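Before I ask anything, here is the structure I am working with.
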Amino acid sequence: MRIATWNVNSVRARVDRAVAWLQRSDVDVVALQETKCKDAQFPYEAFREAGYEVAHAGLSQWNGVAVLSRVGLEDVEVGFPGQPGWSSSAEVEPAPEARAVGATCGGVWVWSLYVPNGRSLEDPHLTYKLEWLAALREHGAGLLAADPEAQVALCGDWNVAPTDDDVWDVAAFEGSTHVSAPERAAFEAVVDAGFADVVRPHAPGPGVYTYWDYKQLRFPRREGMRIDFALCSPALARRVEGAFVDREERKGKGASDHAPVVVDLR
């Protein structure tokens, strides 16, 4: 079984590339992030014709997450228990955003997660990001406490580079989000709860990234970040026999600024 995670950066703009990649890569389940559309706007038919069932959560032209599966799709859950909400105005009650959707696919509980960006170290959005990650950690720990043998994959764009090897030049990010101590600690707390980064052992760094900004020729200059992860429960991690970042999909006209991350399970 092959699962993947990919920040597609607008599924409607890249539906043809996405379908072609799915067929070429022979992926059974893929978690998509930043679909940037409402549920009614999602191109369901294109993926169904390619053999995939779809669970999508989208509220506006921002955010949006989906799980696509050709090995079954059951028990769909939009948002996880305790997921905090966001409001840009103190006068408006915070509400959950379209940042998490999960489903059982071929016996594996797959979450597609789009962690808040944080924006800057002084922005309230960073507090929201840390609270969001803390709530995810609590939910994940609860799943493993209830069933230590649970097959769970927390897949997505985490908007955190957990080590210095996960950025092309840590000095370039001094004073910025994604590499700050609180964000790294929040990511590590999820790992400490029992969820392993199953990709790094098969794609050791430095120099292995999943995101390259469109600006300043970051991709051809190999100036990227590793912020997209598949964190697996212990029982699922034991099944991993390979993993890689499909850097080739970042190339060419109309590419997302993220590359897919692929995990092979025995």
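What strands (runs of 3 or more DSSP E) completely inside the stretch 147-266 contain at least 2 residues that are without any contact (Cβ under 8 Å) to a residue 60 or more places away in the chain and hydrophobic (A, V, I, L, M, F, W, C)?
On the way: elements: 152-157, 228-232, 240-245, 261-265.
Because the criterion is at least 2 residues that are without any contact (Cβ under 8 Å) to a residue 60 or more places away in the chain and hydrophobic (A, V, I, L, M, F, W, C), the strands (runs of 3 or more DSSP E) in the stretch 147-266 that meet it are 240-245.
Of all residues in the stretch 15-47, which are among the charged types (D, E, K, R), touching a Gly at 6+ places or on another chain (Cβ under 9 Å) and farther than 21 Å from VAL263 by Cβ? Can you show your working first?
Pass one, the stretch 15-47, residues among the charged types (D, E, K, R): 16-17, 24, 26, 28, 34, 36, 38-39, 45.
Next, from what is left, pick out any that are touching a Gly at 6+ places or on another chain (Cβ under 9 Å): 16-17, 28, 34, 36, 38-39.
Listed by number, the residues that qualify are ASP16, LYS36, LYS38, ASP39.
Another question about this same structure. With GLY118, GLY58, GLY102, GLY106 as the choices, which residue is at pLDDT 95 or above, of a type in the set (Gly, Ala, Ser), surrounded by 21 or more Cβ atoms within 10 Å (Cβ to Cβ) and more than 18 Å from LEU133 (Cβ to Cβ)?
Selected residue: GLY58, the only one of GLY118, GLY58, GLY102, GLY106 that is at pLDDT 95 or above, of a type in the set (Gly, Ala, Ser), surrounded by 21 or more Cβ atoms within 10 Å (Cβ to Cβ) and more than 18 Å from LEU133 (Cβ to Cβ).
Table: residues versus (1) open to solvent by less than 70 Å² (accessible area, probe 1.4 Å); (2) modelled with pLDDT under 95; (3) outside any loop (DSSP other than H, G, I, E, B).
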site: GLU77; (1), (2), (3): yes, no, yes
site: GLN83; (1), (2), (3): yes, no, no
site: GLU93; (1), (2), (3): no, yes, no
site: GLU97; (1), (2), (3): yes, no, no
site: TRP111; (1), (2), (3): yes, no, yes
site: GLU122; (1), (2), (3): no, no, no
site: TYR128; (1), (2), (3): yes, no, yes
site: ARG137; (1), (2), (3): no, no, yes
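The values are calculated or read from the model by the stated rules, or taken from the named source; none is laboratory data. Every value quoted in this text rests on a predicted model; they were computed, and no experiment measured them. Glycine also receives a Cβ, built like all others from the backbone with ideal geometry; neighbour counts cover every protein chain displayed. Side chains included, ligands, DNA and RNA excluded: accessible areas come from the protein's heavy atoms. Shrake-Rupley method; radii C 1.70, N 1.55, O 1.52, S 1.80 Å.
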